[in-house]
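The values are calculated or read from the model by the stated rules, or taken from the named source; none is laboratory data. Just so you know, these numbers come straight off a predicted model, no measurement behind them. Cβ: placed from backbone, ideal geometry, glycine included. Neighbour counts: every protein chain shown. Heavy atoms of the whole protein, side chains included, go into the accessibility calculation; ligands, DNA and RNA do not. Shrake-Rupley method; radii C 1.70, N 1.55, O 1.52, S 1.80 Å.
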Amino acid sequence: MLRMRLRAGVALGLVLLTCCGGAPETGGPSGPKTRAELTASRVCDLVSEDEVRLIYGGVRVQLTDYAGPVGDPSFDSCQITVDHGTTTSPLRPFPLQVTIDPVTPADHEEMLRAFAAGGMGPSVEIAGLGEAAHFVAPGFLQVYDGERVLRVRGGGHDNAIELAELVLPRLRSLAPAPELGTEPACDTVTPQAAAVLGAQPERRRDRRTEDELRCEWSAGGAVLSATIRGYGDEVGRMWAKELPGAETIHVGGLRDNGVYVPTGGLYFWMGDQQVSTYLWHRPHAPDADRDQLMALADAFAPILLRIAPRIGPPADGD
């Protein structure tokens, strides 16, 4: 069983109801409730901006709630952005991720074997976090607590350990994930998704958060996902344009508002606020699958401004 210990000297301020401030204790007939009894509905509820700043430094920290990555297992994520207040230190957001599916010890061992097979590893056990904690790549820490998998993917080796030590005891307060596969927006375009897969989806997983809607369909060994964000993603746009073989395309009746990548990616945006969508199909054969992926983008385009989780950039503190 994983030993979950806190490093001496780490300041704790358990935040379980919001990602932006401390959750007060409340009184009652039986006395004050402990923070451990409160429920966190999002991964971002497990930490506060002040706690992250104590570990990573910086003048400003932003916590952003995202769904995914979806798959088997699926995760929910809190994207952490640390602003060090300098023009020479670019912002490099990194995710704190927690599984939403039950994970068995055998599942965890299979994850580690898959990392090693993919050239990530060998995993290195972490003193103080128990034998189920591993670095599977530089700055990529994975910890198994007997029920969930916690990942920190970036921000530095020692910082990742300290953040994991802070969050692990709080995982039991994270509420179970809502039912998957029930988002109407994903229903709407499932026929086009089936055309990309070449078969009716055998499985579908949807996730909606404050900042993101994600749909994923799978059939056989093929997987297709769609990620929709309610604000412009300039980083995603430039990233897509610079990929090998990237092709500027027209989506939803607009000109030059999309980028297709022959490895199976399609990024496009709609509206004055540039609501962004990223489609990803794997494995992908451009000659056979490109037109179907374009058709899926065109099916999404008319409804994007209605289904986007929110319109406009995240406000400070969101």
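Quick notes on this one:
- Calculated FRET value between residue 147 and residue 50, using beta carbons and R₀ = 25 Å, to 0.05: 0.35
- Cα centroid of region 69-115 to Cα centroid of region 117-132, whole Å: 15
- With each label modelled as a point 7 angstrom along the Cα→C-beta vector, the residue 157-residue 59 pair spans 3.0 nm.
- Electrostatic tally near residue 264: other residues with Cβ closer than 15 Å to its Cβ, Lys and Arg +1, Asp and Glu -1, net -3.
- Charge dipole of region 43-173 about the Cα centre (unit charges at C-beta), most positive-ward option of 126, 102, 64: 64
- Placing a label point 7 Å from the Cα of residue 101 along the Cα-to-Cβ line, the residues of region 202-217 whose backbone N sits under 18 Å from it are 202-208, 214-217.
- Surface share of carbon and sulfur [accessible, 1.4 angstrom probe, percent] for region 68-176: 54
- As a calculated quantity, the FRET efficiency between residue 87 and residue 250 at R0 = 41 Å, using C-beta atoms, amounts to about 0.70.
- Difference of contour (0.36 nm per residue) and Cα-Cα distance, residue 117 to residue 243: 42.9 nm
- Overall, the ratio between the Cα radius of gyration of region 240-318 and 2.2 N^0.38 Å, rounded to two decimals, is 1.15.
- Once the C-beta distance of residue 235 and residue 182 is scaled by a Förster radius of 30 Å, the resulting FRET efficiency is 0.50 to the nearest 0.05.
- Estimated at 0.36 nm per residue, the fully extended path between residue 288 and residue 39 surpasses their Cα-Cα distance by 84.9 nm.
- With 5 Å bins beginning at zero, the pair-distance distribution over Cα atoms of region 89-170 amounts to 3, 15, 28, 27, 18, 6, 2, 1, 0 %.
- Cα pair distances of region 61-120 binned at 5 Å [whole percent]: 4, 16, 17, 18, 16, 12, 9, 5, 2, 0
- Solvent accessible area, Å² - residue 126, 1.4 Å probe, full protein context: 10
- Ratio of the Cα radius of gyration of region 184-307 to 2.2 N^0.38 Å, where N counts its residues: 0.96
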